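In what follows, a structure is listed as structure tokens, so that the remarks can point back to it.
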Amino acid sequence: MAHLSTSGQPTDPKFGPENRRIRLPKSFYNPISLIGAGLALVTLGAIVIFFAMDVLGYTQSPYLGIFTYMLLPGIMFTGLFLIPIGAWRERRRLRKSKGAERKYMVLDLNNPSQRLAVMIFTAGTMLLIVLSAAGTFQTFQYSESVEFCGEVCHEVMSPEYTAYQHSPHARVPCAECHIGEGADWFVKAKISGSYQVYSVLFNKYARPIETPIKNLRPARETCEHCHWPQKFSATLNMTKTYFPLDTSAMKPWTITLQLKIGGGQSELGPTEGIHWHMNTENKIEYIAADDKRQVIPWVKATSPKGEVKIFRSTENALPDSVLFQREKRTVDCIDCHNRPSHIYYPPFRTLNDAMAHGSISPSLPNIRAIASHALTQKYSTNEEAVESIPAFVRQQYQEHAPEVLRTHAVPLQKAIDEILRQFQRNYFPFMRVDWRGYPNHIGHMYNDGCFRCHDNKHKAADGQLLTNDCTVCHTIVAQGPQGKVESDIRGLKFMHPVDVDGAEMHVRCSECHTGE
């Protein structure tokens with residue numbers, strides 16, 4: 001029955017004064033939908049605040065990015081998902097309670113409540129799409145950032161992140177090498193990353209992290225975006241000073257080398273030297289007997305003319321049935337430059353450099369041996385090392401040279417500070433990381449490196465050997481003790497600082513120089 005208003009116009013009871021406030025459909029008024037709406041609104045507000053903090057640089061914490069671009073959007077989407085779920089459950093409950101027949105939703109834009117619901121849903125959906133696009137992009141960028149890679153899993157990645165910050169590639173983002181360009185490698189990296197997240201959460205990761213990384217992208221698709229293999233690099237001059245364990249008994253030894261980097265392309269010049277292995281016209285393949293690629297029993301060289309020569313180790317030979325079950329690799333940058341950004345230096349090198357630069361005074365008797373021993377002790381935590389190293393150094397002098405504590409107090413404290421700095425840069429007890437777990441293939445002083453192949457024991461069918469002759473890769477132009485350095489631009493025969501009865505000519509450097 002129609003009702004008349006005071007103006008004489010018919011009215012509908014459902015639009016009477018008591019129902020003039022426009023409301024959403026009844027099905028949206030239920031605990032689940034209301035909780036979902038509240039959750040979405042609260043997290044949206046938090047995202048806006050955290051996003052502003054990130055943009056304005058209010059804090060540099062890596063966890064701000066995790067909350068802003070990963071955790072909170074997930075919570076917001078959960079809240080939004082709860083709204084229609086609650087409405088659907090509420091509609092079922094209303095139908096059952098009234099015994100009504102199943103009805104499908106009818107959209108009537110003439111109904112103010114439905115019109116309001118459609119407007120809110122449309123505006124909310126558009127806003128959500130914009131925020132989702134921005135959030136997805138920010139999430140992508142953040143997951144590719146150095147901050148995310150190095151600081152989120154702090155204890156696990158602390159060694160890699162610390163080494164990276166002091167490396168030649170400290171300004172190259174992690175993703176440039178570990179992922180590179182293209183969707184396929186991006187997907188592979190994220191799948192691999194998902195397992196890594198699982199490993200961290202459930203403590204399934206190895207300590208130290210195993211290398212080499214099996215799914216690392218080929219160097220030609222990453223390194224060669226910046227480094228040009230066709231470029232001829234000529235020679236590199238290098239001077240090193242080596243301090244004995246006791247400087248009072250022997251003077252420091254200086255050696256100056258010209259490293260024959262070489263490489264290049266025949267059209268641009270000569271192609272001899274160390275980078276001959278990377279000449280684009282040559283192809284060097286090898287098979288390693290171990291997963292660390294330290295023992296290489298088989299090497300195949302193919303010349304630009306297609307001539308093939310195979311070198312087999314006379315010391316570490318494997319039968320073909322075993323050998324060819326192993327992976328065959330073509331030499332690229334990473335086979336020699338295997339620690340381009342995550343280098344852990346042995347104390348032999350760092351202490352020598354510190355003494356050469358004056359950070360550790362050579363006037364402190366036996367300091368190199370004491371410092372090396374202090375660095376290579378087993379410590380369960382970083383805090384234990386920071387407490388134990390100064391005490392150990394002082395104790396050694398207290399027992400063997402107590403006058404040093406009185407006469408060299410200032411240089412001794414400076415030396416202790418440098419030893420601690422070296423420890424925090426190169427040793428990580430929680431992850432069991434130091435140079436011993438990560439051999440560096442550049443050179444041959446502390447690890448086999450070049451001598452994995454060039455050991456004078458890899459022989460071809462025609463009798464040719466992969467030589468370990470020093471002059472193949474470098475020319476010694478000066479060497480000798482401090483004050484008596486001999487020099488000759490034409491090159492000198494290598495002389496070991498200590499007389500080892502000619503062993504330096506047939507024994508690998510790393511057999512004696514363990515890095516300690």
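The values are calculated or read from the model by the stated rules, or taken from the named source; none is laboratory data. Keep in mind that what you see is a predicted model, and the values were worked out from it rather than measured. Cβ: placed from backbone, ideal geometry, glycine included. Neighbour counts: every protein chain shown.
Cβ-Cβ distance below 6 Å, separation of 6 or more or different chains: which pairs start in the range 98-115 with a residue that is assigned by TED's automatic domain parsing to the domain that holds PHE28 and end on one that is modelled with pLDDT of 80 or more and assigned to a loop (DSSP other than H, G, I, E, B)? The qualifying pairs are ARG115/LEU109.
For ALA461, the stated conditions hold: it is among the hydrophobic types (A, V, I, L, M, F, W, C) and part of a loop (DSSP other than H, G, I, E, B). Of everything listed in (1) in a helix (DSSP H, G or I); (2) at pLDDT 80 or above; (3) surrounded by fewer than 16 Cβ atoms within 10 Å (Cβ to Cβ), the single unmet condition for ARG171 is (1).
Here is a check on your reading of the model: is LYS493 exposed (fewer than 11 other Cβ atoms within 10 Å of the Cβ), closer than 14 Å to THR241 by Cα and either in contact with a helix residue (DSSP H, G or I) (Cβ under 6 Å, 6 or more places away or on another chain) or of a type in the set (D, E, K, R) (or both)? Steps first, answer last, please.
On the way: exposed (fewer than 11 other Cβ atoms within 10 Å of the Cβ): yes; closer than 14 Å to THR241 by Cα: no; either in contact with a helix residue (DSSP H, G or I) (Cβ under 6 Å, 6 or more places away or on another chain) or of a type in the set (D, E, K, R) (or both): yes.
Here the answer is no, as LYS493 does not meet what is asked.
A search for C-beta distances below 7 Å between a residue of the range 309-331 that is under 15 Å from ASP290 (Cα atoms) and any residue that is of a type in the set (Phe, Trp, Tyr) and outside any helix (DSSP H, G or I), counting only pairs 6+ apart in sequence or on different chains, returns LEU323/TRP298; ARG329/TYR286.
Among the residues that make up the range 427-443, is at least one of them under 37 Å from the mean Cα position of the chain (by Cα) and modelled with pLDDT under 90?
Applying the first criterion (under 37 Å from the mean Cα position of the chain (by Cα)) to the range 427-443 yields 427-443.
Pick out the ones that are also modelled with pLDDT under 90 and you get 443.
For the range 427-443, residues under 37 Å from the mean Cα position of the chain (by Cα) and modelled with pLDDT under 90: present.
Which one of these does LYS305 not meet: (1) surrounded by fewer than 13 Cβ atoms within 10 Å (Cβ to Cβ); (2) modelled with pLDDT under 90; (3) under 27 Å from the mean Cα position of the chain (by Cα)? Here LYS305 clears every test but (3). Scanning the range 229-268 for residues that are among the aromatic types (Phe, Trp, Tyr), assigned to a loop (DSSP other than H, G, I, E, B) and modelled with pLDDT of 85 or more gives a single hit, PHE243. The set of residues from the range 427-437 being over 16 Å from THR381 (Cβ atoms) and surrounded by 21 or more Cβ atoms within 10 Å (Cβ to Cβ) comprises just one member, TRP435. Candidates are the residues of the range 211-228 that are assigned to a loop (DSSP other than H, G, I, E, B) and free of Cβ contacts under 8 Å to residues at least 60 places away in the same chain; the one that is surrounded by the most Cβ atoms within 10 Å (Cβ to Cβ) is THR222.
Does at least one position in the range 388-403 carry a residue that is within 27 Å of ILE209 (Cβ to Cβ), surrounded by fewer than 19 Cβ atoms within 10 Å (Cβ to Cβ), modelled with pLDDT of 95 or more and of a type outside the set (D, E, K, R)? So that I can check it myself, show each step before the final result.
Of the residues in the range 388-403, the ones within 27 Å of ILE209 (Cβ to Cβ) are 388-389.
Add one more test, that the residue is surrounded by fewer than 19 Cβ atoms within 10 Å (Cβ to Cβ), and what stays is 388.
Narrowing the set further to residues that are modelled with pLDDT of 95 or more leaves 388.
Filter again for of a type outside the set (D, E, K, R), leaving 388.
The answer is yes; a qualifying residue exists.
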